[in-house]
Each structure stands twice: as C-alpha cells, then as structure tokens.
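Written below as structure tokens is the structure these notes are about.
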Amino acid sequence: MMDVAGLLAVNFAVVVAAFILLWIVCTAIRDVTMVDAWWAVGMALLALTTWLQLDAPGERATLILLLTAIWAFRLGGFLFWRWRDHGPDRRYVKLLAKAEANKGWGFAKASFLLVFATQAPLQFIVALPAQLGQIPAEPAALGTLAYVGAAVAVAGILFETIGDWQLTRFRKNPANEGKVLSTGLWRYTRHPNYFGDAMVWWGIFLIGAETALGWWALPGPVLLTWTLMKWSGAPTLEFRMRKTKPDYVRYIETTSGFVPWPPKRV
C-alpha cells in the first residue's frame, strides 16, 4: 500500500530544498523576482517527484504530470522572460525596502522571511492536486470527470497564454503608454491570466477527484483562487493600476473582475 505520508514528506523536503537554493541565488544577485517563475516550475517538480515515487504510474498520474508540466513551463518561461525584459519586480523591491527601513532587516533576512518562507508552503498546498491526484486508487482508469478536468485545464492554459500574449503585445506598443487594455480577452475579464491559472488547477483537481484520495487536494485550488482574487493577485495589481492609470476606474466599472462576462454599459 502506498505510503502517502512518506510521499508527501519527500515532496515537502524537495520544496524546502529548492526554495533554500533559490534564496541563496537571489540573495547573491539581490533580486527575488525569479521566485515568480519558480512558483510555476516548482509545481511541475512536485508532480514529477510524485510520479517518480509511484511503483507503476498509470494514465491518470501521467496525464496530471503532463498537464502540470505544460502549464508550468509555459508560465514559468513567460515570467522568467518578463523578469529579464522588465527588470526587478517593483512589488518585491518595495516590500524589501520597507522591511529594511522599518525593521532594520538586511536583504537576506527580509527576503527569506517575507518571500521564500511564505511561498514554499503555499506552493506545496496549491500543488496538492498534482500530488494526491496521482496516487494509485480506484478507479484506475480515467472516467468522465477526468476528461472534463483535462478539458478545463487545457482551456485554462490557452486562456492564460492568450491573455499574456495580448497584454505583452499591448505594452510593447509605445502608443499605448498610460492606456488600459480593454480588448480581446481583457474585454470580458480584468484578469484573464489569473482566471486561466485557476481553471488549470481546478481542472487538474477534477482529474484526481474521481478517486477518494483526490478530494483531499481540494484546499489547493481553493487557496489558489482565493489568493488570486482576494490576496496577492488582483487586489495588489488593481491598487497600483488605480493610482497610475486614470481610465482604470472606468474599466473596473464595466469589466468583470474574474469570471469572463460581457462588459457592462455605464
């Protein structure tokens, strides 16, 4: 019988080791922005370490690993490119500078406590569908719910990818300086990238939810959705956008905050 606790313990050790190594690198270059790219890639690593610990990975485990890897390396690659193209993320710069000014913390201490020590457990929890969903259980074969989940995950990857592409193209045009993107997917939701992200992890959760153990992964997509909608995702971004782009207030009034919906008339 699969030692679930042992498997998860190995995975958590991998998460901690990876984040400590990344912290050492980021401390050396005094920039923690690459942690965003690792947020995605690290989930693929968790899916892989789970798959490697299984005696005989079945089609469910392989499907979850494949979808997680596609999502992770697409998003992780994009975020890594954005870091190299745009430079340090202003959110992290402001956060660490405030800790240094108000608490007297150095870069290493502030980045460890405020960034890496918080993201490691969050990553482990959010990635639970890619871990528990793989563990052998009945039914072994994929059913309707798993196929629905796979379709949702693929749709989420496409939605997120298109949203990121549209925003990147918009920002690269000098004529759009100071303007708000309100066309394409951004016409129907203010955060197509966040919505697509949530879709992916709800889809992966559904693939594993055909098994009894898979339901224990529910905190993963719930936490991710709450984070994107209420904590460090949309609220942080929209606070900054309100201050820097005058048209954003009207955009909020007419455009759905998360789930795509036809724009309102005001």
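Nearest 10 degrees, 0 to 90: what angle lies between the long axis of helix 117-126 and the longest principal axis of the chain (Cα atoms)?
The angle comes out at about 60 degrees.
Packing-wise, with mean Cβ within 10 Å as the measure, how do 20-32, 145-157 rank, highest first?
Put in order of decreasing packing, that is 145-157, 20-32.
FRET efficiency for Asp3 and Ile162, Cβ-Cβ distance as r, R0 = 45 Å, nearest 0.05?
Working: r = 41 Å, r/R0 = 0.92.
The computed FRET efficiency comes out at 0.65.
For the chain, take the longest principal axis of its alpha carbons; what is the angle in degrees between that and the long axis of helix 59-86, to the nearest 10 within 0 to 90?
20
What is the distance in Å between the Cα centres of region 1-65 and region 128-174?
Using only Cα atoms, the two centres lie 18 Å from each other.
Could you work out the helix-only [θ] at 222 nm for the chain, with each DSSP H run of four or more residues adding -39,500 (n - 2.57) and the total divided by the number of residues, to the nearest 500 deg cm²/dmol? Don't skip to the answer; put the middle values down first.
Values: 12 runs with 183 residues, N = 266.
So the helix-based figure for the chain works out to -22500 deg cm²/dmol.
Set the Förster distance to 22 Å, then compute FRET efficiency between Trp261 and Val148 from the Cβ-Cβ distance, nearest 0.05. Mind dumping the intermediate values first?
On the way: r = 22 Å, r/R0 = 0.99.
For Trp261 and Val148, the calculated efficiency is 0.50.
Run the dipole for region 6-145 about the Cα centre, Lys and Arg Cβ at +1, Asp and Glu Cβ at -1, nothing else charged, and hand back the magnitude in debye, nearest 20.
That gives region 6-145 a dipole magnitude of about 660 debye.
Does anyone have the angle between helix 144-172 and the longest principal axis of the chain? Alpha-carbon axes, 0 to 90°, nearest 10?
20
Which value, in debye to the nearest 20, gives the size of the charge dipole of the chain about its Cα centre, when Lys and Arg are +1 and Asp and Glu are -1 at the Cβ? Walk me through the numbers before you get to the answer.
Details: 25 positive and 17 negative charges, 322 e Å.
Approximately 1540 debye in magnitude.
May I ask for the net charge around Thr161, where only other residues with Cβ less than 13 Å from the Cβ of Thr161 are counted and Lys, Arg are +1 while Asp, Glu are -1? Before the final figure, lay out the partial values.
Details: positive: Arg74, Arg169; negative: Glu160, Asp164, Asp197.
The answer is -1.
Report, largest value first, the span of the C-alpha coordinates of region 103-143 along each principal axis, in whole Å.
Cα spread of region 103-143 along its principal axes, largest to smallest: 56, 13, 10 Å.
Any chance you could count the Lys pairs in the chain whose alpha carbons are under 20 Å apart, treating pairs 8 or more apart or on different chains as valid?
Pairs that pass both the separation and distance tests number 12.
Taking the Cα-to-Cβ direction at Tyr188 and at Ala97 and moving 7 Å from each Cα, how far apart do the two end points lie in nm?
It works out to 3.9 nm between the two label points.
Coordinate-derived values only; no laboratory data. These figures come from a predicted structure and were not determined experimentally. Using ideal geometry, Cβ is built from the backbone for each residue, glycine included, and neighbour counts are taken over all protein chains shown.
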